[in-house]
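K.L.:
Here it is, the structure, as structure tokens.
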There are 2 protein chains.
Amino acid sequence: MKIGELAERTGVSVRSLRYYERQGLLAPLRQDNGYREYSVLAEEQVRTIRFYLDLGLSTEQIAGFLQCVLRNKESFCEEVLPIYQHKLKEIDGQIRLLNQIRVNLRDRISSILQERNQGQEEII
Amino acid sequence: MKIGELAERTGVSVRSLRYYERQGLLAPLRQDNGYREYSVLAEEQVRTIRFYLDLGLSTEQIAGFLQCVLRNKESFCEEVLPIYQHKLKEIDGQIRLLNQIRVNLRDRISSILQERNQGQEEII
DNA sequence: TTAAACCATGACATCAATGTCATAGTCAAG
DNA sequence: CTTGACTATGACATTGATGTCATGGTTTAA
């Protein structure tokens, strides 16, 4: 199958498919005319790539274990666990930071609303 | 005071002070030699800018209300509240997304650990 | 056969604040 | 007067996946 068909089947843009290839995540054959030729397995492979990307992993991280997880159960691939754990710490840190900001924002919003109400009361 | 001194007093790099100026957040006078001349008020102003930047607001958003909040109470500046509320929604969305990923990651990590333990037991 | 649709590659843009470097003018202390 | 510290401006880099455009070759359907 050619790149346009794979793009349509997976919902991933042609641009991204070429990018994944350059990052070492896909390795389609080439037809005589230079067109990329994807096997039927490529569709599942792209969905796997998308899954890990959506998990927040980088193409570089994914490249480190993609071949393994395509052939085995995830638990068999040694590289996966440390990457997951590292990502989890990162996510926890981000959530903590966002929560601090969130609390700060909520405080300021309610304080603004309160002061405005007091201003109204003074007028009354 | 010159830019180096302001940078040292506020902990903000010279580069960033020039950037803030270009974004319309600072407007120092110029000495005859072209050097920027900051008033003592600039120090507080920079801290205010940093505060809003740390809250996740963009220089463009900050520029929209900075002059007002420097002169009045925050609750007096009409532009602030909608920006806060918009930012809060954004943060909530980010937290939600991160939490989904977090749950996903934790599930996969524990599932890997569990499968590895089962593998061990089988050997025993 | 010809036009439309598809493919290839490479380059530039994005988002945003900041770092860094190059080049050059200015100032202060020795 | 000279050297080192400071300042000015402008340009390029960063981060990462993706969009978009330009240019040109290929295929396919009418």
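Only the coordinates and a few stated rules stand behind these numbers; no lab work does. What you see is a predicted model, and the numbers here were worked out from it, not measured in a lab. Methodologically, a virtual Cβ is constructed for each residue, glycine included, from the backbone with ideal geometry; neighbour enumeration extends over all protein chains shown.
K.L.:
Given charges of +1 on the Cβ of Lys and Arg and -1 on the Cβ of Asp and Glu, with all other atoms neutral, how large is the dipole of chain B about its Cα centre, in debye to the nearest 20? Please list the in-between numbers first.
P.N.:
Values: 18 positive and 18 negative charges, 41 e Å.
It comes to approximately 200 debye.
K.L.:
Starting from the Cα of B:Asp54, step 7 Å toward the Cβ, then list every residue of segment B:3-19 with an amide N under 20 Å from that point.
P.N.:
Only B:6-19 fall inside the zone, counting backbone N under 20 Å.
K.L.:
Let me ask something else. Would you work out if segment A:1-72 is rounded, prolate or oblate? Take a ≥ b ≥ c from the square roots of the eigenvalues of the alpha-carbon gyration tensor; rounded if a/c is under 1.5, else prolate when a/b is larger than b/c, oblate otherwise.
P.N.:
The shape class here is prolate.
K.L.:
Output the 0 to 90 degree angle, nearest 10, between the alpha-carbon long axis of helix A:41-54 and the longest principal axis computed from the alpha carbons of chain A.
P.N.:
Roughly 20 degrees, rounded to the nearest 10.
K.L.:
Any idea how far the Cα center of segment A:78-110 sits from the one of segment B:68-124, in Å?
P.N.:
Answer, in whole Å: 5.
K.L.:
Could you size up the charge dipole of the protein assembly as shown around its Cα centre, putting +1 on the beta carbon of Lys and Arg and -1 on that of Asp and Glu, and report it in debye to the nearest 20?
P.N.:
For the protein assembly as shown, the charge dipole is close to 340 debye.
K.L.:
Would you please name the trypsin sites (Lys or Arg not before Pro) within segment B:72-123 that are DSSP coil residues with at most 13 other C-beta atoms within 10 Å of their C-beta?
P.N.:
B:Lys73
K.L.:
Hey, can you grab everything whose amide H is under 5 Å from the amide H of A:Glu37? Only 5+ residues off in sequence or another chain; H modelled, so Pro and N-termini drop out.
P.N.:
Amide H neighbours of A:Glu37: A:Leu29, A:Arg30, A:Gln31.
K.L.:
In addition: Per residue of the protein assembly as shown, what 222 nm ellipticity follows from adding -39500 (n - 2.57) for every DSSP H run with n ≥ 4, rounded to the nearest 500?
P.N.:
-22500 deg cm²/dmol
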